[in-house]
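Reviewing the structure listed below.
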Amino acid sequence: MKWKSEIAVVACCLGLVTGCSTGQPDTFTFTADLPPNFAYKAIAEYVPAKGETCTVPGGRNTAVGYNMKWRESYTPNSEISMYRTVSGCPLVIRRIRLDINASYWTHRGDFGGDSAMVIIRDDLEEQYKGTFSDAGESTFYGHCQWLFRTSGAQRRIVKILDCKAANARGEPERGHPVSGYSLDQLPGKTVKMKITLAGEERPYMGDTWVKLPKGWKRCMGDNFEDQYAFCFGNFKDFSSFRMPDGRQCTIYPGCTE
């Protein structure tokens, strides 16, 4: 039966059966081409192989993390196993959940993040499958932009990272960056996520900043303590704000007019 042969292949790759070989590697490489000060964090998730009725108690240890401490130790290339066995249950990779993280200043909290995903399913329709070059590499794209706002009593600048799917020209599309593959596409191949960054930032929330020839000015709102500080048509009264590096400024991003 077909499902028995599929289980046999999984068992070979897991080393559960000796004297057999699929003739293919049981890993693939995930990598990323990212802007400066960006890093990814990945979690590869596994489920019982097709035809298996076993379960892993509590679902424990069915995921493997990469670059989990991306601030201290980061590498763009991650070698990902297609198969694992946990608590005696043969597992196969199902998806890779990705966090795209980027630092905009030196404090630990001065970073933004968004998500992406690689989906691995044998029942994917052809139109949703990634394609590979002759060199064995498949690339999917994303486009990120910094959104700025003020926060706290000092109106300190903080930034939010917004990432969208993109085409090969880097033009943003709907949804988050994502790509899909069937299991048989992946042995020995490389999947790459390529992210571009918008050249200009924009406000996180509408009607809070006013665009002038030299940059953005922050509307005052009711007073300096007004945390929302919507403009509401008042384009004359503006407030100062504090940059992440501590500078007191009146226009963003140039600081002084």
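The values are calculated or read from the model by the stated rules, or taken from the named source; none is laboratory data. It should be emphasised that the depicted structure is a prediction, and the values quoted were computed from it without experimental measurement. When we count neighbours, we look across all protein chains shown, and the Cβ atoms used for this are built from the backbone with ideal geometry, even at glycine.
Residues considered: Thr131, Thr55, Thr75. Of these, the only one that is assigned by TED's automatic domain parsing to the domain that holds Glu173, more than 22 Å from Leu186 (Cβ to Cβ) and in a loop (DSSP other than H, G, I, E, B) is Thr55.
Only one entry of Thr208, Thr250 meets the criterion of being surrounded by fewer than 17 Cβ atoms within 10 Å (Cβ to Cβ) and β-branched (Val, Ile, Thr), and that entry is Thr250.
Taking the criterion of being charged (D, E, K, R) and either within 20 Å of Arg95 (Cβ to Cβ) or not in a loop (DSSP other than H, G, I, E, B) (or both), the residues of the range 134-157 that qualify are Glu137, Arg149, Arg156. Starting from residues that are without any contact (Cβ under 8 Å) to a residue 60 or more places away in the chain and buried (at least 17 other Cβ atoms within 10 Å of the Cβ), keep the ones in the range 168-192 and report whichever is nearest to Arg94 (Cα to Cα). The extreme case among them is Gln185. Checking each residue in the range 211-226 for being in a loop (DSSP other than H, G, I, E, B) and out of contact with any strand residue (DSSP E or B) (no Cβ under 8 Å at 6 or more places or on another chain) picks out Pro213, Asp222, Asn223, Glu225, Asp226. Considering only the range 119-134, I want to know if a residue exists there that is buried (at least 20 other Cβ atoms within 10 Å of the Cβ) and within 10 Å of the chain's Cα centre (by Cα). Checked against the condition, which is being buried (at least 20 other Cβ atoms within 10 Å of the Cβ) and within 10 Å of the chain's Cα centre (by Cα), the range 119-134 yields no hits at all.
Going by the conditions given, is Ala165 surrounded by fewer than 17 Cβ atoms within 10 Å (Cβ to Cβ) and not assigned by TED's automatic domain parsing to the domain that holds Met243? No; evaluated as a whole, the condition is false for this residue. Screening Val56 on (1) at pLDDT below 95; (2) within 25 Å of Gly142 (Cβ to Cβ) shows it passes everything except condition (2).
Per this entry, Trp209 is not counted among residues that are within 26 Å of the chain's Cα centre (by Cα) and among the aromatic types (Phe, Trp, Tyr). If the condition is being β-branched (Val, Ile, Thr) and either in contact with a Ser or Thr (Cβ under 9 Å, 6 or more places away or on another chain) or on the phi > 0 side of the Ramachandran plot (or both), then the range 76-95 contributes Ile80, Val86, Ile93.
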